[in-house]
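First comes the structure, then the notes that go with it.
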Amino acid sequence: MANKNATYSYLVSILLVFIITFLGEFIKRSIEPANLVMFYLLAVMIVAIRWGQGPAIVASFLSVLAFDFFLVPPYLTFNVSDVQYVFTFIVFLAVGLVVSTLASKAREQIIRSQTEKLQAALLNSISHDLRTPLAAITGALSAMLDNSHAMDEASREELLETAFEEAERLNRLVGNLLDMTKLEAGALKISKAPCELRDLLGASFEQLKEKIKLRRLITNISADLPEITADFSLMIKVFYNLLDNALKYSPPDTTIYIKAAALDNKIKIEIKDEGMGVPYEDISRIFNKFYRVERPQKITGTGLGLSICKGIIEAHGGEITAMNNEDRGLTFVITIPIN
Ligand code: ADP
């Protein structure tokens, strides 16, 4: 991918020089050739800012050659009639190189500060997500300690429940962070074995049972669905995250649909909700790490779940996509090769 990009940036740089030379052909008799140099320098600068130093240096050299060959009399030869053009070339080349170095430094600087800003924002969001449940747990436990004698059974139960829920949230967050780190480091171990989709879904429902029991859930799994070869515990995480999202991002009185069928050597699984969906411009980004859609409703999350799902599905040679439904809500479509 990086190589392809590099080739592309060199090709575009060459094309830019070509275009300027082509345009120069039309105006070379009505404008001092030395002034045409400005256009080339502009191109070198654009190339440097956009693609960095390598393509910019190529553009500089090529510009000098093209300028000399096509736009400085005598035309179509590298000879020059007027010696002063030699100085123009030398200065041109020097300025081109300096401009390309400066512009590409500026570019690196911009990229670096963007990365730093992003990292700071991520750190902020993670530490907030870590601190919130910790504060809730500490709060609940200390209330119990302080009032251990005077507290009735119901209040104690309520505090314990809060502490438990928050501890679970923390556990999931840390789990997701670990999974993400492992995925990125290529250290997530995948041990595949044949398994039934029904069992996978069953295990995911089990982990979400408190939330899911309040919801209407309709599953439609084709009777002749073959087994898939997959890592059972990783796949559970995928369904857990998708179902958890469907529950989080749709109102309680709506239905969640799960459909699965075999289709040309693949299993296609759809998870559909009747919730708020995702704005069109965000839909391609929701699988990015830490990406969350800005919403007026306060729905907690870290933006890690979907990127982990994607990592796991791709590690199985499959694909995961999301699309808004025609009426309302979102559908996730997963395809996994049967073997
Ligand atoms: P989190 O839910 O922790 O924010 P995810 O990576 O699971 O992170 O999801 C990324 C974003 O995608 C969410 O912030 C949410 O805006 C959007 N999203 C995910 N699932 C759904 C869904 N079922 N309906 C609407 N939006 C969703």
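The values are calculated or read from the model by the stated rules, or taken from the named source; none is laboratory data. Note that the structure is predicted; figures quoted are calculated from it, not measured. When we count neighbours, we look across all protein chains shown, and the Cβ atoms used for this are built from the backbone with ideal geometry, even at glycine. Surface accessibility is based on the protein's heavy atoms, side chains included, excluding ligands, DNA and RNA. Shrake-Rupley method; radii C 1.70, N 1.55, O 1.52, S 1.80 Å.
If R0 is 41 Å, what FRET efficiency do you get for Lys213 and Arg131 from their C-beta distance, rounded to 0.05? Once rounded, the FRET efficiency stands at 0.85.
Protein heavy-atom surface of segment 58-112, 1.4 angstrom probe: 75% of the accessible area is carbon and sulfur, with nucleic acids and ligands not counted. Take the Cα of Lys105, step 7 Å toward its Cβ, do the same at Phe61, and the gap between the two points is 2.3 nm.
Rounded to the nearest 500, the 222 nm mean residue ellipticity of the chain from helices alone is -20500 deg cm²/dmol, with -39,500 (n - 2.57) taken per DSSP H run of at least 4 residues.
Structure note, pairs Lys209/Lys289; Lys209/Lys268; Lys117/Lys211: Cα-Cα distances above 31 angstrom occur for Lys117/Lys211.
Rg ratio for the chain: its Cα radius of gyration over 2.2 N^0.38 Å, N being its residue count, equals 1.50.
Subtracting the Cα-Cα distance of Asn288 and Ala203 from their residue separation scaled by 0.36 nm leaves 28.0 nm.
Label sites at Lys248 and Thr300, each approximated as a point 7 angstrom past Cα along Cα to Cβ, lie 1.0 nm apart. With a Förster radius of 25 Å, plug the Cβ-Cβ distance of Asn124 and Asn324 into 1/(1 + (r/R0)^6) and report the FRET value to the nearest 0.05. Calculated transfer efficiency: 0.25.
Per residue, the average separation of C-alpha pairs within less than 8 Å and at least 6 apart gives the chain a relative contact order of 12 percent. Rounded to 0.05, the FRET efficiency of the Ile46 and Glu157 pair, given R0 = 41 Å and the Cβ-Cβ distance, is 0.05. Spin-label pair Gln84-Ser222: with each label point 7 Å from Cα along the Cα-Cβ axis, the two points sit 8.0 nm from one another.
For segment 263-339, the set of GluC sites (Glu not before Pro) satisfying both a DSSP loop assignment and a count of at most 13 other C-beta atoms within 10 Å is given as Glu294, Glu326. Straightening the chain between Ser148 and Glu281 buys 42.7 nm, computed as 0.36 nm per residue apart minus the Cα-Cα spacing.
Projecting the Cα atoms of Ile283, Leu197, Asn265 onto the charge dipole of segment 187-324, computed from C-beta unit charges around the Cα centre, puts Ile283 farthest toward the positive end.
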